[in-house]
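K.L.:
What follows is a single structure, and I will ask about it in a moment.
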Amino acid sequence: MKKKSKWFQKAVSAVCVLSMMASLAACGSSGNSAEENSAKDAKQEEAEAVQETNVSEETGGGEEAAADQETSGGDKVEITVWHMLSGVGEEAFTQIVNDFNASQDKYHVVSEFQGSWYDSFAKFKATPKESLPDIYQIVVECMGYLKDSDYVIPIQDYIDSEGFDVSGMQENIRSLYTIDDTLYCMPLSVTMLSVSYNKEALENAGVDVNSIKTIADLDAAAKKVVDAGEAKYGWSILSDGWQVEEYMCLSGDPTFDNNNGRSGQVTRCVMNDNGAADTIFNTFYEYLSKDYNYPPTTTIASSDITTAFLTGDLAMLVGSSQWILKQESSIENFTLGQIAAPITNEEVTGSFSPGGNGVWMIDKGDEEKQRGAWEFIKYLWQDEVMGYYAAYTGYTPVSTGAYNSQVYTEFREKKPFVEAIWKELEECRPEYVGAVFGSYYDFRNIVMDAFGQMFGDENFGPEDAVERIITQIDETIELYNEANPG
Amino acid sequence: MRKRKEAIFFFLKLLLGGLVIFPLFYGVCLSFMGMADIFKMPPVFFTDRMSWKNYQAVFGRVPIFTYFKNTLLVSGIQVAAQIITSSLAAYAFTFFEFKGKKPLFVLVLASMMIPYESNLISNYLTICGLKLTDTYLGLTLPFLANGMSIFILRQFYMTIPRELKEASVIDGCSHMNFLVRIAFPISKSATASLGLYAFVNAYNQYFWPLLVTNKDAMRTIQIGTGILKDSEGADYGLVLAAAMTAVLPAIIIFIFGQKSLVKGMVAGAVKG
């Protein structure tokens, strides 16, 4: 009998432990508001500190935002934003969200980080409609899928119904996000393909940076710099695949059929139908194989090339303007300059395409939340807000108004070379903006692998690279179309 | 002669140890540096400009203690639950005779063969359907039982002498009593090793917590590190400072648990 009671005791204690665990689990959703607030406190303080020392002073309202954050909730309609911004992007975006929350008392925007763009996108695709956010911020690469899904409300609907003025939107950016005269999302930021260069190295070697128009010019300048002993390597290109797409846009030939996916679903890769891809790959192969340059290979990744540039070993780097600009603070021994990316050769007929990201409105069938989401997007669209975001993150502004805003004008005075990037954006032509299709992530990886292998493998030339890319991406497209008909 | 041999082995072990420790050591060094020093070529380990700046920034920028608390809680729940469920299951598979025992065990083994990623999305949909996003239950539910853990413990329980079981039955010991008082205590090392294994797995989870949580207050340390990383690059000093902070508890637990871990692994391997 004694034994039995002991056993009973044990059973009871086991049940206790289990129920404790269960209650712990259950309180997860409700019992955390205190921590949440204190967590937000910490974030808020940091955001304010950053704001005080940075270009954002003009936008103001930070302190009120902090005060308001605590009194949130209540009768306010909560608007959820999923974003993929980290680092400076997240800092600036959080500040804008806080300012918006402080500026009115009807809506409360909650911004939630969902990982890098492919993590965030994977989550978005897997999530049932009712659990989706009200606003989704993502890169232009995901446009193909989002447009095909029945999840989004084109921003055009709201612009039309209210007669909202977006005439200041830079024309090329508008066309990037427009299909069949419908603007799908509100652009948030832009980046351009550009050459970042080491100002002192080029000056000391006697290179006039404005004379660099073609890749041949760039290479001649690189040789001069290395010969003068100003840098270990002349030039290189970041190899994440985006750069190759940009050069396809420049060639004037589409990368995919159905007008780059803008007049129908992409069914195959046409990048080499007129030999455009061969020309691009051959040009890069010819120049980057020279011993004074630093080509990307399967072992030399984008991060290595970036490091070489930031430390001064590499004089010139072709890549996203924002990518280098935001890392400017880690440059110690030279001054950063940027110009538009060089053209392949004089025969090209197209233009580069802007890249970047935007905010999408998600259709969850809740009229009031959609209204709130639209109010936030309108807030975001103000010139000073957009200008602040661009100046803080190093992105190029999306509208003329933002470019001329006070905060961005001051930024331009500090970094005059951003004007060259703006000019490059203005000189793009709307008909050559990038493709719209559903398998961007695979395409990037396929291009990156082939591009890198071309420099490291003697038996794998530029033509082989192009051929392999087309074969592999065609297979991917077929699979995608089977899974997503229509 | 023997001394020389010992010296050589010692040196070899030192070398191997150094090799394993090196990345961690380098990570610690870099976490105190600014970007400019991190990118120095050839790499430097110490500079006179080392500071706590990165750590201050990490602690200021993200609610890292909340992340820590969540991670530890989630890992703790997973470890405790896995120990309970696997010891019960393993006991049944070892000491009970019942119809369909073999196919059932094969089913358990089969669950080890299915990559976790392949049912990630269906699990996520289930959690969404149950409205368990942003809860600790949602974070842990798919990991409360695990085929691998059942397998490890079952292999160990097989080594418990039948005589011990028979003797205890004669003494009037019930199954539950035998499990709690005899089988569980003597398989301490195996249990500890599976606990560590489960802990490390839970601690390193990234995509699952990212999927099932949205609120900052429910996020884990791995996602916190992700926020610091920039979308196209990173301030490596900052990321490393966060990573070093994140890795600390795992190292501490490993230091205290490594004896059991090794013992448990070896026991399973030899007798299995």
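K.L.:
Restricting to the stretch A:285-343, give me the number of residues that are away from chain B (no Cβ under 12 Å), assigned to a loop (DSSP other than H, G, I, E, B) and among the polar types (S, T, N, Q).
P.N.:
6
K.L.:
Still on this model: Can you find a residue that is within 24 Å of A:Pro354 (Cα to Cα) and facing another protein chain (nearest Cβ under 9 Å) anywhere in the stretch A:130-143?
P.N.:
yes
Okay, residues lined up against (1) within 14 Å of another protein chain (Cβ to nearest Cβ); (2) among the polar types (S, T, N, Q); (3) touching a Cys at 6+ places or on another chain (Cβ under 6 Å):
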| position | (1), (2), (3) |
| --- | --- |
| A:Ser149 | no, yes, no |
| A:Asp157 | no, no, no |
| A:Asn172 | no, yes, yes |
| A:Tyr184 | no, no, no |
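K.L.:
If you don't mind, there's one more thing I want to ask. Got a sec? Which of A:Gly241, A:Gly168, A:Gly163, A:Gly252 is of a type in the set (Gly, Ala, Ser) and farther than 24 Å from A:Pro354 by Cα?
P.N.:
A:Gly163
K.L.:
Could you tell me whether any residue of the stretch A:365-380 is surrounded by fewer than 20 Cβ atoms within 10 Å (Cβ to Cβ), in contact with an Asp or Glu (Cβ under 7 Å, 6 or more places away or on another chain) and more than 20 Å from A:Phe100 (Cα to Cα)?
P.N.:
Checking the stretch A:365-380: not a single residue is surrounded by fewer than 20 Cβ atoms within 10 Å (Cβ to Cβ), in contact with an Asp or Glu (Cβ under 7 Å, 6 or more places away or on another chain) and more than 20 Å from A:Phe100 (Cα to Cα).
K.L.:
Does A:Phe281 qualify as being crowded, with 23+ Cβ neighbours inside 10 Å, over 24 Å from A:Val140 (Cα atoms) and more than 14 Å from chain B (Cβ to nearest Cβ)?
P.N.:
In short, yes.
K.L.:
From the set of residues in the stretch B:155-194 that are surrounded by fewer than 22 Cβ atoms within 10 Å (Cβ to Cβ) and closer than 30 Å to B:Thr245 by Cα, which is farthest from the chain's Cα centre (by Cα)?
P.N.:
Out of the qualifying residues, it is B:Lys188.
K.L.:
What number of residues in the stretch A:429-447 are closer than 20 Å to A:Leu188 by Cβ, of a type in the set (A, V, I, L, M, F, W, C) and surrounded by fewer than 24 Cβ atoms within 10 Å (Cβ to Cβ)?
P.N.:
Within the stretch A:429-447, residues that are closer than 20 Å to A:Leu188 by Cβ, of a type in the set (A, V, I, L, M, F, W, C) and surrounded by fewer than 24 Cβ atoms within 10 Å (Cβ to Cβ) number 0.
K.L.:
Search the stretch A:180-200 for residues being surrounded by 17 or more Cβ atoms within 10 Å (Cβ to Cβ) and farther than 25 Å from A:Asp240 by Cβ, and hand back the single one that is farthest from the chain's Cα centre (by Cα).
P.N.:
Top of the filtered list is A:Leu183.
K.L.:
Enumerate the pairs (first residue in the stretch B:245-257 and of a type in the set (Ser, Thr, Tyr); second residue anywhere and assigned to a helix (DSSP H, G or I)) with beta-carbon separation below 7 Å, excluding pairs fewer than 6 apart on the same chain, so at least 6 apart or on different chains.
P.N.:
B:Thr245/B:Val58; B:Thr245/B:Ile64
K.L.:
Could you check B:Leu12 against (1) more than 10 Å from chain A (Cβ to nearest Cβ); (2) closer than 28 Å to B:Asn201 by Cβ and say which number it fails?
P.N.:
Of everything listed in (1) more than 10 Å from chain A (Cβ to nearest Cβ); (2) closer than 28 Å to B:Asn201 by Cβ, B:Leu12 misses just condition (2).
K.L.:
With the requirement that a residue be away from every other protein chain (no Cβ under 11 Å), touching a Ser or Thr at 6+ places or on another chain (Cβ under 9 Å) and among the aliphatic types (A, V, I, L, M), what does the stretch B:37-84 give you?
P.N.:
Hit for the stretch B:37-84 is B:Ile83, nothing else.
K.L.:
Follow-up question, since we're still on this one. Answer yes or no as to whether B:Ala246 is away from chain A (no Cβ under 14 Å), within 30 Å of B:Ala36 (Cα to Cα) and outside any loop (DSSP other than H, G, I, E, B).
P.N.:
Taking the combined requirement at face value, the residue satisfies it.
K.L.:
One residue is enough: does the stretch B:79-96 have a residue meeting the conditions closer than 30 Å to B:Gly195 by Cβ, surrounded by fewer than 12 Cβ atoms within 10 Å (Cβ to Cβ) and over 26 Å from the mean Cα position of the chain (by Cα)?
P.N.:
yes
Listed here are the residues, each with its yes/no results for (1) over 24 Å from A:Ser302 (Cα atoms); (2) in the same structural domain as A:Met186 (by TED's automatic domain parsing).
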residue	(1), (2)
A:Gly401	yes, yes
A:Asn404	yes, yes
A:Lys423	yes, no
A:Glu427	yes, no
A:Phe443	no, no
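K.L.:
Only residues in the stretch A:194-208 that are under 8 Å from A:Glu230 (Cβ atoms) count as the first member; pair them with residues that are in a helix (DSSP H, G or I), Cβ under 6 angstrom, at least 6 apart or cross-chain, and list the lot.
P.N.:
What qualifies is A:Ala201/A:Val225; A:Leu202/A:Val209; A:Ala205/A:Lys224; A:Ala205/A:Val225.
K.L.:
Now a separate question. So, A:Asn293, is that one surrounded by fewer than 20 Cβ atoms within 10 Å (Cβ to Cβ) and more than 27 Å from the chain's Cα centre (by Cα) or not?
P.N.:
In short, no.
K.L.:
Go through the residues of the stretch B:104-121 one by one and say whether even a single one is under 24 Å from the mean Cα position of the chain (by Cα), more than 14 Å from chain A (Cβ to nearest Cβ), touching a residue at least 40 places away in the same chain (Cβ under 8 Å) and surrounded by fewer than 16 Cβ atoms within 10 Å (Cβ to Cβ).
P.N.:
Yes, because at least one residue in the stretch B:104-121 is under 24 Å from the mean Cα position of the chain (by Cα), more than 14 Å from chain A (Cβ to nearest Cβ), touching a residue at least 40 places away in the same chain (Cβ under 8 Å) and surrounded by fewer than 16 Cβ atoms within 10 Å (Cβ to Cβ).
K.L.:
Restricting attention to the stretch B:145-164, which residues are within 23 Å of B:Ala202 (Cα to Cα) and outside any helix (DSSP H, G or I)?
P.N.:
B:Ala145, B:Asn146
K.L.:
A:Glu346 - would you say it is at negative phi, surrounded by fewer than 20 Cβ atoms within 10 Å (Cβ to Cβ) and within 14 Å of chain B (Cβ to nearest Cβ)?
P.N.:
no
K.L.:
Right, next: Within the stretch B:135-154, take every residue that is of a type outside the set (A, V, I, L, M, F, W, C) and surrounded by fewer than 20 Cβ atoms within 10 Å (Cβ to Cβ) and give me the one that is nearest to B:Ser189 (Cα to Cα).
P.N.:
B:Gly147
K.L.:
Out of everything in the stretch A:93-120 that is in a helix (DSSP H, G or I), among the hydrophobic types (A, V, I, L, M, F, W, C) and more than 12 Å from chain B (Cβ to nearest Cβ), what residue ends up being nearest to A:Gln327 (Cα to Cα)?
P.N.:
Only one residue fits best here, namely A:Ile96.
K.L.:
Continuing with the same structure: Which residue is nearest to the chain's Cα centre (by Cα), if the candidates are limited to the stretch A:441-468 and must be part of a helix (DSSP H, G or I) and of a type in the set (S, T, N, Q)?
P.N.:
A:Asn445
K.L.:
Would you say B:Leu88 is in contact (Cβ under 8 Å) with a residue 40 or more places away in the chain and either in a helix (DSSP H, G or I) or within 14 Å of another protein chain (Cβ to nearest Cβ) (or both)?
P.N.:
In short, yes.
Residue by residue, here is whether (1) more than 10 Å from chain A (Cβ to nearest Cβ); (2) under 27 Å from B:Val106 (Cβ atoms); (3) of a type in the set (A, V, I, L, M, F, W, C) holds:
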| position | (1), (2), (3) |
| --- | --- |
| B:Cys128 | no, no, yes |
| B:Thr135 | no, no, no |
| B:Leu141 | no, yes, yes |
| B:Leu144 | no, yes, yes |
| B:Ser149 | yes, yes, no |
| B:Leu153 | yes, yes, yes |
| B:Thr159 | yes, yes, no |
| B:Ile182 | yes, no, yes |
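K.L.:
In addition: Restricting the search to the stretch A:166-200, which residues are under 20 Å from A:Leu325 (Cβ atoms) and among the polar types (S, T, N, Q)?
P.N.:
A:Gln170, A:Asn172, A:Ser189, A:Thr191, A:Ser194, A:Ser196, A:Asn198
The values are calculated or read from the model by the stated rules, or taken from the named source; none is laboratory data. Treat the numbers as computed from the prediction; the structure is a model and nothing was measured. Counting neighbours? That spans all protein chains shown, and the Cβs are built from the backbone with ideal geometry, glycine included.
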